[in-house]
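All remarks here apply to the structure that follows.
Rule-based calculations on the coordinates, nothing more; no lab input. As the structure is a computational prediction, the values presented were derived from the model and not from experiment. Cβ placement follows ideal geometry from the backbone for every residue including glycine, while neighbour counts extend to all protein chains displayed.
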Amino acid sequence: MSTVTQIPFANFARDLVTSGELDPPYILINGLRESRGQSWAEAFSLYYFMFYDLEGAAKAAKAPSFWKYVENVYPTAKRVAARRHFRGDKGWQALLALQRFGSPAQVWQAMHRHSYRGLVQNIERNFQGCQIGPYFAWKAMDILDRCLGVSVNMSLGEAIEFLPDVPRKGIKALWPKNDSELGHGLVAVAESIANLDAPGAPTRKCSYPEAETVLCAIYGYQKGTYKVGSDLVHRRQELQAHPDLIELLPIPQNWSQYDANTLVA
């Protein structure tokens, strides 16, 4: 009979960060920025932001014309289930709306604001029709701040106000009492990784944006829908045709200590 071990969530959080399992695409994109330049990383990250496909992003970044490439592959472009936008006629109109800002560099420049609230308000006002809702506004902040070296500051108040649904469920999974635990849980997770470098460009330590991703992993792990280590393995498989890019990703580890166990606060 197997025994279920209770593992402190802080150990889980730190293991995700130190192993590279937390947001491996950000580690990859920052490596590309350092090795191939800012414009290459900007094109790569914009395609990834739109379709969540690393292999497609690599091809788009190498294309002579980014937008012409995207237009040509749009009907058959690979999309993951989590990316519900940039599909069909509405997605095509969103693509055209983004194009009006210019090159990938100009898109990111137009989107950027120094605070997260400012970023959200800017997207709501100026990126209408671009299919960038609350969840992907958060992802835009991540890419700007962690991949492209353009700082976006996030306060605790902003993190609580704009925290997406899944990490909220992650907090509930560990602190199920009531909604008043939201801020407590977010701070507890952020503090558990606060002395570790944030994945991507090593310009700051982990904070609320990284706690959000940890909480997503906590929710999936507790539900049994996320196997620790699977994201990094999946990302490496995505890039099988690009061994030079695989080299920029961390090497997967043995995560057997997390098989059939549970996390506790």
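Overview of results
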| item | result |
| --- | --- |
| Residues of the stretch 142-163 with amide N under 18 Å of a point placed 7 Å along Cα→Cβ from Glu124 | 153-163 |
| Tilt relative to the chain, helix 88-99 - C-alpha long axis, 0 to 90 degrees, to 10 | 70 degrees |
| Entries of Lys177/Lys205; Lys62/Lys90; Lys78/Lys139; Lys90/Lys139; Lys59/Lys205; Lys59/Lys227 with Cα pairs more than 23 Å apart | Lys177/Lys205; Lys62/Lys90; Lys59/Lys205; Lys59/Lys227 |
| Nearest 10 degrees, 0 to 90: helix 38-51 Cα axis against the chain principal axis | 70 degrees |
| Within a Gaussian network of the chain (alpha carbon springs, distance under 10 Å), most fluctuating of Asn122, Asn153, Asn254 | Asn254 |
| Cα-centred dipole magnitude for the chain, charges only on beta-carbon of K, R (+1) and D, E (-1), debye, nearest 20 | 620 debye |
| Value at 222 nm in deg cm²/dmol, rounded to 500, when DSSP H runs of n ≥ 4 in the chain each add -39,500 (n - 2.57) | -17000 deg cm²/dmol |
| Cα-based helix-to-principal-axis angle, 116-126 vs the chain, degrees rounded to 10 | 40 degrees |
| Distance in nm between pseudo-label sites at Val4 and Val80 (7 Å out along the Cβ direction from Cα) | 2.7 nm |
| Förster radius 25 Å - calculated FRET efficiency between Leu96 and Arg117 (Cβ-Cβ, nearest 0.05) | 0.35 |
| Packing rank of 108-116, 68-76, where each peptide gets the mean count of other beta carbons within 10 Å, highest leading | 108-116, 68-76 |
| In nm, spacing of pseudo-spin labels at Tyr226 and Glu191 (7 Å Cα→C-beta vector) | 2.2 nm |
